[in-house]
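Asks: A single structure is presented below for examination.
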Amino acid sequence: MSALPTSSREWHLVARPHGWPAATDFALREAPVTAPGEGRVLVRNLHFSVDPYMRGRMNDVKSYTPPFKLDHPMDGGAVGEVVASNAEGFAVGDHVLHGLGWREYADVPAKHAVKVDGSIAPLSSYLGVLGMPGLTAYAGLFEVASFKEGDAVFVSGAAGAVGSQVGQMAKIKGASRVIGSAGSDEKVKLLVEEYGFDAAFNYKNGPVREQLAEAAPDGIDVYFDNVGGEHLEAAISALNVHGRATICGMIAQYNATEPAPGPRNLALVIGKRLRLQGILVGDHAALQPQFVQDVAGWLASGELKYNETKVQGIEHAYDAFVGLLRGENTGKMIVSLDA
Ligand SMILES: NC(=O)c1ccc[n+]([C@@H]2O[C@H](COP(=O)([O-])OP(=O)(O)OC[C@H]3O[C@@H](n4cnc5c(N)ncnc54)[C@H](OP(=O)(O)O)[C@@H]3O)[C@@H](O)[C@H]2O)c1
């Protein structure tokens, strides 16, 4: 076995952002690396995830996940190679998915590491299409929104990790029409030409309500909300009687410094008997085996496509995170350390 490294670089949150995160809110620091203790593995991270929910963890507020501690390493999804093992069932060379991203080397309790197979799918895909965002799309569409064949579906953030899978899964399962919105004309082109959406629009090109009405002349039955704000209001207007909305994310307001106004047309929920329901992917772990089986099949048959935007090098993780919030990613945003 080659000698273990003696130190690892890791990202710390050093100040709580107010509004958009600034580079000075973060620091890349060195930490010592030691041999793993009983029941633990030392993992060299190859890819780690930056996700929108991490913005919420930078605030000191009570939420479903605890805030990042100042001057401590941040964490999140990561995939890497075991370089030292002190745990039964894990060997040097194994690839594992775990929760200690934002660092080069991770000292992981084996009970929190899941072996993944890079010969079945690229290792980075366990952070995206075969990972948490993919399961969010699957559970949010099929379980929370009670999608059924013939539904017309609208998804915002449609070129992102979750949204791109929602639209394609709806098509695969027989949606009558799938509409997506995204923040650039290139992304809109991708949705229609590569992912098979029936219609798509750039929300920066005009009011969402007008563009959605044009794209969905017969209304929508399901709205998958990744964005909130103007999108949610427009979708409530477009939803048909007994329509369902999965409230998955509200990225349009994650950097807001004042409370965002609610939808002005909420009273429509009554007459149309709409169901608006939040989702937390962690509640849907029971769907994991079915999700993996379905998605692996759709990937193999070519019915489901995905993109990843990889930012190379741990020193660029802040840029990757802020780039994600700005829409610089197509598909899953990933920081790769495998060069
Ligand atoms: N509830 C859960 O369990 C759960 C789990 C995973 C994710 N989520 C949520 O799902 C959403 C998507 O997550 P993801 O990981 O797939 O991220 P993503 O969509 O891959 O990346 C975020 C995207 O948001 C878009 N965006 C940024 N600011 C926007 C704005 N003001 N208006 C409209 N779009 C904006 C950008 O695309 P454009 O170029 O199109 O603007 C950006 O690429 C997020 O809201 C996230 O918090 C929730």
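The values are calculated or read from the model by the stated rules, or taken from the named source; none is laboratory data. All values derive from a computational prediction rather than experimental measurement. FYI the Cβ positions are ideal-geometry reconstructions off the backbone, even for glycines, and counts take in every protein chain you see. The accessibility values were calculated without ligands, DNA or RNA, using every heavy atom of the protein model including side chains. Shrake-Rupley method; radii C 1.70, N 1.55, O 1.52, S 1.80 Å.
Asks: Quick one: order 187, 173 from most to least accessible surface, probe 1.4 Å.
Replies: Highest to lowest solvent-accessible surface, that is 173, 187.
Asks: Using 7 Å Cα-to-Cβ label points, what is the residue 241/residue 173 separation (nm, one decimal)?
Replies: Each label point lies 7 Å from its Cα, and together they span 2.4 nm.
Asks: Hey, can you grab everything whose amide H is under 5 Å from the amide H of residue 151? Only 5+ residues off in sequence or another chain; H modelled, so Pro and N-termini drop out.
Replies: Those lying under 5 Å, H to H, from residue 151 are 176.
Asks: Can you give the local net charge around residue 333? Use residues other than it whose beta-carbon is closer than 11 angstrom to its beta-carbon, Lys and Arg +1, Asp and Glu -1. Each step should come with its number before you reach the end.
Replies: Numbers: positive: 310, 326, 332; negative: 51, 308, 319, 328.
Overall, the nearby charge balance is -1.
Asks: Would you mind telling me which residue in 168, 293, 253 has the biggest mean-square fluctuation in a Gaussian network model of the chain, where springs connect alpha carbons within a distance under 10 angstrom?
Replies: 293
Asks: Leaving out ligands, DNA and RNA, what percent of the accessible area of region 1-68 is carbon and sulfur, probe 1.4 Å?
Replies: 55
Asks: Let me ask another. Test of understanding: what is the full-extension gain from residue 62 to residue 3, defined as 0.36 nm times their sequence separation minus their Cα-Cα distance?
Replies: 17.1 nm
Asks: For a quick size check, give me the Cα extents of the chain along its three principal axes, largest first, whole Å.
Replies: 65, 45, 33 Å, listed from the longest principal axis down.
Asks: Relative contact order for region 130-217 using alpha-carbon pairs under 8 Å, separation at least 6, rounded to a whole percent?
Replies: 23
Asks: Springs between alpha-carbon atoms under 10 Å, Gaussian network over the chain: tell me which of 114, 208, 43 tops the mean-square fluctuations.
Replies: Maximum fluctuation in the GNM of the chain, among the listed residues, is at 114.
Asks: Check which residues have an amide H placed less than 5 Å from residue 160's amide H, if you skip close sequence neighbours.
Replies: Amide H neighbours of residue 160: 331.
Asks: I'd like the GluC sites (Glu not before Pro) in region 1-108 restricted to DSSP loop residues with at most 12 other Cβ atoms within 10 Å, sorted by number. List each step's numbers first, then the result.
Replies: Numbers: sites: 10, 30, 38, 81, 88, 104; in loops: 38, 88, 104.
Listed in order of number, the matching sites are 38, 88.
Asks: Compute the signed sum of charges (Lys and Arg +1, Asp and Glu -1) over the other residues within less than 11 Å, Cβ to Cβ, of residue 9.
Replies: Every neighbour counted, the sum reads -2.
Asks: Give the separation of the Cα centroids, region 92-130 to region 315-339, in Å.
Replies: 18
Asks: Just to verify a number: what accessible area does residue 20 come out at with the full protein assembly present, 1.4 Å probe, Å² rounded to tens?
Replies: 130
Asks: How high is the relative contact order of region 89-138, given as a whole-number percent (alpha carbon pairs under 8 Å, six or more residues apart)?
Replies: 29
Asks: Could you tally the net charge around residue 145, taking each other residue with its Cβ under 11 Å from the Cβ of residue 145, Lys/Arg +1 and Asp/Glu -1?
Replies: Local net charge: -1.
Asks: Residue 316 accessible area, nearest 10 Å², 1.4 Å probe?
Replies: For residue 316, solvent-accessible area is about 80 Å².
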